[in-house]
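Encoded as structure tokens, the structure appears first; notes follow it.
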Amino acid sequence: MASHCGELESDMSKFLVVLGSQWGDEGKGKIVDLLTDQVSAVVRFQGGHNAGHTLIINGQKTVLHLIPSGILHPGVTCYIGNGVVLSPDALMHEVDDLKSQGVDAFSQLKISTQSTIILPSHVAIDQARERARGGNAIGTTGRGIGPAYEDKVARRALRVGDLLDAGQLEQTLRAQMEWHNFLLTQQFGEAAIDFEETLAALTGFGKTIKPLICNVTAELAALKRAGKKVLFEGAQGALLDVDHGTYPFVTSSNTTAGGACTGSGIGPRAIDYVLGITKAYTTRVGAGPFPTELTDSVGKHLANVGKEKGATTGRDRRCGWLDTVILRQTVVNNSMTAMCITKLDVLDGLEELKICTHYEFNGEKIDFPPAGAADLAQCVPIYETMPGWSETTAGCTEWSALPVNAQNYLKRMEALCGAKIAMISTGPDRLENVILEDVLA
Ligand code: GDP
Ligand code: IMO
Ligand code: MG
């Protein structure tokens with residue numbers, strides 16, 4: 001009989017967490033895809049289809065929102081963990097999109113019985129609430145993420161396992177939707193969502209995904225015991241963490257490394273390595289403080305060259321200089337083993353580069369950010385200026401081939417953030433990287 005608590009059969013196992021160090025869109029999808037050829041499984045542990053992870057392989061672009069970025073590697077199991085909020089419509093759309101590319105996602109996908117279901121009424125509430133907030137809107141992706149997590153914490157959510165029990169499904173859904181429709185009609189003056197239609201859709205969805213539903217924690221325990229390598233794919237970024245981010249301008253899950261444990265069921269000592277995907281500059285989508293934001297021609301340059309448009313909502317991303325004060329916090333929040341720097345090539349050709357090393361806050365020079373949005377909004381960045389480089393780093397695969405000024409910029413990043421650099425991404429394609437350390441060795 002298979003045991004979940006026996007001795008390790010091999011000590012070759014490696015559990016690697018890959019997550020965003022800033023406000024999301026650092027290039028996580030590209031790096032997860034790249035590393036997937038070395039692993040048995042990829043796990044999403046938080047967030048939902050608010051994420052947009054771009055993979056470019058031989059010029060062909062795939063954007064994934066909910067399905068783990070390992071899906072393009074046949075034979076790799078892709079898990080949706082308990083910490084994820086799952087939209088049935090979004091999942092089926094993505095499965096269909098992948099099918100049109102010749103990828104049979106169902107043959108690789110497994111879903112936790114404990115994942116929370118996003119209902120159409122969550123989407124309606126998310127959007128109604130944002131409209132009602134007016135100028136104080138958070139700028140959510142409007143995908144129902146926040147309301148779904150609210151219901152999870154309020155202990156009234158519908159979970160994937162409930163879809164297989166008709167009585168449980170109807171009872172839980174009815175109670176939840178009564179509350180949602182009360183909010184929609186009474187608080188927001190919006191139309192109610194039809195219960196019977198939602199029930200029928202969920203009943204059908206339950207039948208469709210039944211073969212994929214499993215105990216993800218038990219499977220991960222078995223993979224650990226069998227000495228397998230597993231990659232945990234974060235969504236969003238550390239500064240969007242509901243506890244440690246720029247609250248209230250955050251998402252509704254724990255995006256930091258602890259989320260990989262609570263969102264999949266493994267314990268903290270099971271994690272061997274935390275790789276923080278870190279853009280060589282800073283971007284943010286949606287509202288909230290951003291001390292190093294640039295609204296001048298340099299900001300526009302970063303947006304244009306970096307093609308900084310949201311992969312989920314198509315919104316323009318706000319751009320700014322590298323901020324090592326927030327990264328110092330991120331390194332701590334995630335016990336970050338190393339960073340992977342992305343989009344270095346976007347800095348090519350800039351005459352000089354600024355790095356934010358400290359903030360001025362309440363008349364004092366500080367090296368660690370204050371908590372929350374209100375105080376961060378008061379922080380004035382203090383910069384150090386470094387010379388740029390006129391050579392191109394795009395597509396570079398060797399450290400020695402990088403311009404000396406680019407090498408110096410990266411070394412300064414390491415020193416200021418307090419974390420080493422294991423990888424450098426120099427272009428959007430899977431193969432455009434400088435690998436300094438094999439993070440799965
Ligand atoms: P994610 O949400 O963290 O997976 O990142 P997104 O996919 O939302 O955004 C990253 C964007 O940058 C995508 O369009 C990627 O194709 C692109 N990208 C990733 N790495 C690099 C890089 O090193 N250089 C350039 N120029 N683009 C990159
Ligand atoms: P990936 O995984 C960037 C932002 C939204 C908004 C806030 C809350 O591609 O990096 P939500 O819909 O989650 O309630 O919105 O979080 N946001 C992201 N920003 N990248 C993402 O994902 C994001 N997912 C959510 O713009 O400011
Ligand atoms: Mg993204």
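The values are calculated or read from the model by the stated rules, or taken from the named source; none is laboratory data. For clarity, every value in this text was computed on a predicted model and none was experimentally measured. Heads up, the Cβs are rebuilt from the backbone with ideal geometry, glycines too, and the neighbour counts pull from every protein chain shown.
Summary of values
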quantity	calculated
So Gly75, is it more than 16 Å from ligand 3 (Cβ to nearest atom), more than 15 Å from the chain's Cα centre (by Cα), small (Gly, Ala, Ser) and under 25 Å from Ser40 (Cβ atoms)	yes
Answer residue from region 308-327, given it is among the small types (Gly, Ala, Ser) and outside any strand (DSSP E or B) and is farthest from ligand 2 (Cβ to nearest atom) among those	Gly314
Criterion: more than 13 Å from ligand 3 (Cβ to nearest atom), among the aliphatic types (A, V, I, L, M) and not in a loop (DSSP other than H, G, I, E, B) - qualifying residue of Val32, Val42, Val63	Val42
Within region 184-206, tally of residues that are surrounded by fewer than 17 Cβ atoms within 10 Å (Cβ to Cβ), aliphatic (A, V, I, L, M) and in a helix (DSSP H, G or I)	3
Test for Val380: is it farther than 23 Å from Val242 by Cα, hydrophobic (A, V, I, L, M, F, W, C) and exposed (fewer than 14 other Cβ atoms within 10 Å of the Cβ)	yes
Strands (runs of 3 or more DSSP E) fully within region 349-441 counting 3 or more residues that are in contact with a Phe, Trp or Tyr (Cβ under 9 Å, 6 or more places away or on another chain)	352-361, 380-387
Test: residue in region 249-267 that is away from ligand 3 (no atom under 16 Å from the Cβ) and in contact with a Cys (Cβ under 7 Å, 6 or more places away or on another chain)	yes
Qualifying residue in region 51-60 (condition: within 16 Å of ligand 2 (Cβ to nearest atom), surrounded by fewer than 20 Cβ atoms within 10 Å (Cβ to Cβ) and either free of Cβ contacts under 8 Å to residues at least 60 places away in the same chain or outside any loop (DSSP other than H, G, I, E, B) (or both))	yes
Val404 vs. criteria over 22 Å from the mean Cα position of the chain (by Cα) and of a type in the set (Val, Ile, Thr)	yes
Residue ID - surrounded by the most Cβ atoms within 10 Å (Cβ to Cβ), chosen from residues in region 297-318 that are of a type in the set (S, T, N, Q) and without any contact (Cβ under 8 Å) to a residue 40 or more places away in the chain	Asn304
Within region 207-218, tally of residues that are part of a helix (DSSP H, G or I) and in contact with a Ser or Thr (Cβ under 8 Å, 6 or more places away or on another chain)	2
Any hit, region 140-152, residues being part of a helix (DSSP H, G or I), under 13 Å from Gly206 (Cα atoms) and either in the same structural domain as Ala260 (by TED's automatic domain parsing) or in contact with an Asp or Glu (Cβ under 7 Å, 6 or more places away or on another chain) (or both)	no
Any chance Gly263 is in contact (Cβ under 8 Å) with a residue 40 or more places away in the chain and in the same structural domain as Leu35 (by TED's automatic domain parsing)	yes
Residue among Ser335, Ser264 that is more than 16 Å from ligand 1 (Cβ to nearest atom), of a type in the set (S, T, N, Q) and at positive phi	Ser335
